[in-house]
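Everything below concerns the one structure shown next.
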Amino acid sequence: MDKSKIDMYLTTNAKYFEPSAIPIIRQKLENASDDVFVSLQACDLKDPTVLLIISILLGSLGIDRFMLGDVGMGILKLLTLGCCGILTIVDWFTISKKTKEKNLATISMIL
């Protein structure tokens, strides 16, 4: 694949991944075909900043976990109001990393 396409994709989407994952993604993209690149651009990535804001505002209802696809924890947080607020506070500090890990898993299925 063209190096400029890879650089453009990584520059545009770097905020969706951990900095340590960028070289791995770059290596996989270099070995991928153009068809895979088109599929990758259509992939829905979650913004860690948006999920953090949602977690702060609606975290006790489990909305942040539902958006990540973690339905079980979302239901637990909904029924217990974030385990009396404890799980909600923990998620404020971990939701960005979980979002970036989910994004990496999503594009790894395509690559």
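The values are calculated or read from the model by the stated rules, or taken from the named source; none is laboratory data. Everything numeric in this text was worked out from a predicted model, so none of it was measured. Don't worry about glycine lacking a Cβ; one is built from the backbone with ideal geometry, like all the others, and counts go over all protein chains shown.
Worth a mention:
- Phe66 in a helix (DSSP H, G or I), over 12 Å from the mean Cα position of the chain (by Cα), surrounded by 15 or more Cβ atoms within 10 Å (Cβ to Cβ) and at pLDDT below 90: no
- Among the residues listed as Lys97, Lys46, the single one being in contact (Cβ under 8 Å) with a residue 40 or more places away in the chain and either on the phi > 0 side of the Ramachandran plot or outside any helix (DSSP H, G or I) (or both): Lys46
- From the options Ala32, Ala21, residue that is aliphatic (A, V, I, L, M), assigned to a loop (DSSP other than H, G, I, E, B) and in contact (Cβ under 8 Å) with a residue 60 or more places away in the chain: Ala32
- Flag if Leu104 is within 19 Å of Lys5 (Cβ to Cβ) and assigned to a helix (DSSP H, G or I): no
- Test: residue in the stretch 5-19 that is surrounded by 15 or more Cβ atoms within 10 Å (Cβ to Cβ) and either small (Gly, Ala, Ser) or in contact with a Phe, Trp or Tyr (Cβ under 6 Å, 6 or more places away or on another chain) (or both): no
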